[in-house]
Amino acid sequence: MADTGTLHDAFIDELRDTYDAEKQLTKALPKLAKAATNAKLRTAFETHLQETQGQIARLEQVFQSLDEPVRGKHCDGIAGIIEEGKSVMEEDFDETTMDACLIASGQRAEHYEMAAYGTLVAWAQAMGHSQAAKLLQQTLDEEKAADKKLSGLAEGGINQGAADAAHADEDEDEEPVGAASGAGKSAAKSRRR
Ligand SMILES: [Fe+2]
Ligand SMILES: [Fe+2]
């Protein structure tokens, strides 16, 4: 290895970081699944746990394709995201709100992974590590699909269900939405804060 670090060194470092992040996620995803009430959301977390195990195996293939030992390096970024997710799970939210929050936590992790794999694919391509690039792209596609699935669940009813529950009491004494003036709307908004 050269005295001065190169992009190849940074690439291996990033691979180790990501390998550790995936391992941390295999411990966090079962907790998200367990905390979910919505059956589709629970299944989504369980399915992504299986995918994550495959992603770990795929990263091992990447290390092998580069003749590098399989090694992880503690990923502080994902540890922080998981820690925040744990704090949310300790909150006393109603079931649908908790599901909306679990999606938010899950999507933070997916976006972090998408950033990591996006960089890894680009660096592998730039350095001509085509086998590694191909494997990493497969995982990037899975992370994007997982993120999209979570958005679909949030926007397909969970967010609205949580929003309806949040404003259930207020609807009784509020004017119908169509009849509310601009000023009335902002007054209603400020009450909700
Ligand atoms: Fe992953
Ligand atoms: Fe993921």
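How compact is region 1-66 by the rule of thumb for globular proteins, expressed as Cα Rg over 2.2 N^0.38 Å?
Values: Rg = 15.9 Å, N = 66, 2.2 N^0.38 = 10.8 Å.
Output field value: 1.47.
How big is the Rg/Rh ratio for region 90-146, C-alpha atoms only, Rh by Kirkwood, two decimals?
Taking Rh as the inverse mean 1/r over Cα pairs, Rg/Rh reads 1.23.
Across region 30-80, how large is the tail of the calculated P(r) beyond 16 Å, expressed as a percent of all Cα pairs?
Percent of Cα pairs beyond 16 Å in region 30-80: 58.
Return the calculated 222 nm mean residue ellipticity for the chain, to the nearest 500 deg cm²/dmol, obtained by summing -39500 (n - 2.57) across DSSP H runs with n ≥ 4 and dividing by the residue count. Could the numbers behind the result be given before it?
On the way: 8 runs with 148 residues, N = 193.
Per the formula, -26000 deg cm²/dmol.
Kindly write out, for region 6-14 in residue order, the coupling ³J(HN,Hα) from the Karplus curve 6.51 cos²θ - 1.76 cosθ + 1.60 (θ = phi - 60°), rounded to whole Hz, with x marking Gly and Pro.
10, 4, 5, 5, 5, 5, 5, 4, 5
Angle check, please: helix 182-191 long axis (alpha carbons) against the longest principal axis of the chain (alpha carbons), in degrees 0 to 90, nearest 10.
It is inclined by approximately 70 degrees.
What do you get for GluC sites (Glu not before Pro) in region 35-91 restricted to DSSP loop and a cutoff of at most 10 other Cβ within 10 Å of the site's Cβ?
Working: sites: GLU46, GLU51, GLU60, GLU83, GLU84, GLU90, GLU91; in loops: GLU90, GLU91.
Qualifying residues, ordered by number: GLU90, GLU91.
Between ARG71 and GLU46, what's the calculated FRET efficiency when r is the beta-carbon distance and R0 is 30 Å? Round to 0.05.
For ARG71 and GLU46, the calculated efficiency is 0.60.
For LEU66, which sequence-distant residues (separation of 5 or more, or a different chain) have an amide H within less than 5 Å of its own amide H, given hydrogens modelled in the peptide plane?
Sorted by chain and number, the residues that satisfy this come to none at all.
Please get the size of the charge dipole for the chain, origin at its Cα centre, with Cβ charges of +1 on Lys and Arg and -1 on Asp and Glu, quoted in debye to the nearest 20. Write out the running numbers ahead of the final one.
On the way: 21 positive and 36 negative charges, 82 e Å.
That gives the chain a dipole magnitude of about 400 debye.
With every protein chain left in place, what is the accessible area per residue of region 4-72 in square angstrom, probe 1.4 Å?
Numbers: 3390 Å² over 69 residues.
Each residue of region 4-72 exposes 49 Å² on average to a 1.4 Å probe.
Once the convex hull of the alpha carbons of region 48-137 is built, what does its volume come to per residue, in cubic angstrom?
Working: hull volume 8.8 nm³, N = 90.
Taking the convex hull of the Cα positions in region 48-137, it is 98 Å³ per residue.
Kindly report, to the nearest 10 Å², the accessible surface of VAL88 as traced by a 1.4 Å probe over protein heavy atoms only.
Surface open to solvent at VAL88 totals about 40 Å².
Hull surface divided by four, with the convex hull built on the Cα atoms of the chain: how many nm²? Kindly include the intermediate steps, with their values, before the conclusion.
Numbers: hull surface 56.2 nm².
Result: 14.1 nm².
Given a 1.4 Å probe and every protein chain left where it sits, what share in percent of the accessible area of the chain is carbon and sulfur? If you can, show how the numbers build up before the last one.
Values: 5440 of 10910 Å².
C and S atoms contribute 50 percent here.
The values are calculated or read from the model by the stated rules, or taken from the named source; none is laboratory data. A quick note: this is a predicted structure, and the numbers were derived from the prediction, not measured. Please note: Cβ atoms are built from the backbone with ideal geometry, for glycine as well, and neighbour counts cover all protein chains shown. These area figures cover heavy atoms from the full protein model, side chains too; ligands, DNA and RNA do not enter into them. Shrake-Rupley method; radii C 1.70, N 1.55, O 1.52, S 1.80 Å.
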